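*Asks:* I'd like to ask you about the structure that follows.
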Amino acid sequence: MQSYDDDWTDSQRALYDECYQAGSDWVDDPDTSSDDVQHVINLAEADDDAFQDAEIDYPALVDAVTQASGVSVTSVPASHEDPGFRGFTDGVRDATADDTFGL
């Protein structure tokens, strides 16, 4: 389910929405491996403290943020407070069947 931070701006909400859709579409792509889906679900389920202000250069996530923002990025903050990261991981998790990967 899509969820915004209360203090996000309209542009942050739009970035979240576009990355959410990209994550959903990515899961449905037959070329996406189940190992890749599991990796993103693990990111979605991880606590932000585990990331310790890390940046992630996971290609599908970077591509989604680049397309959604119109700005070429090489990494994305690994934080559920970041609308690109959270949108993509929420989209992947929500598009994955409930009986898959123990969800």
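Only the coordinates and a few stated rules stand behind these numbers; no lab work does. What you are looking at is a predicted structure, and each value in this text was computed from that prediction instead of being measured. Counting neighbours? That spans all protein chains shown, and the Cβs are built from the backbone with ideal geometry, glycine included.
*Asks:* Explain nothing, just the number: dipole magnitude of the range 10-95 about its Cα centre with +1 on each Lys and Arg Cβ and -1 on each Asp and Glu Cβ, in debye rounded to the nearest 20.
*Replies:* Charge dipole, the range 10-95, about its Cα centre: 160 debye, nearest 20.
*Asks:* Another question, then. Over all alpha-carbon pairs in the range 10-95, figure out the percentage whose distance exceeds 23 Å.
*Replies:* Pairs farther apart than 23 Å: 12 percent.
*Asks:* Run the numbers on the chain and let me know its relative contact order in percent, using alpha-carbon pairs under 8 Å that are six or more apart.
*Replies:* Contact order relative to length: 44 percent.
*Asks:* Please state the shape class of the range 11-55: rounded when a/c is under 1.5, otherwise prolate if a/b exceeds b/c and oblate if not, all from the C-alpha gyration tensor.
*Replies:* It comes out oblate by the Cα gyration axes.
*Asks:* Quick one: helix 59-69 against the long Cα principal axis of the chain, what's the angle to the nearest 10°, folded into 0 to 90?
*Replies:* 40 degrees
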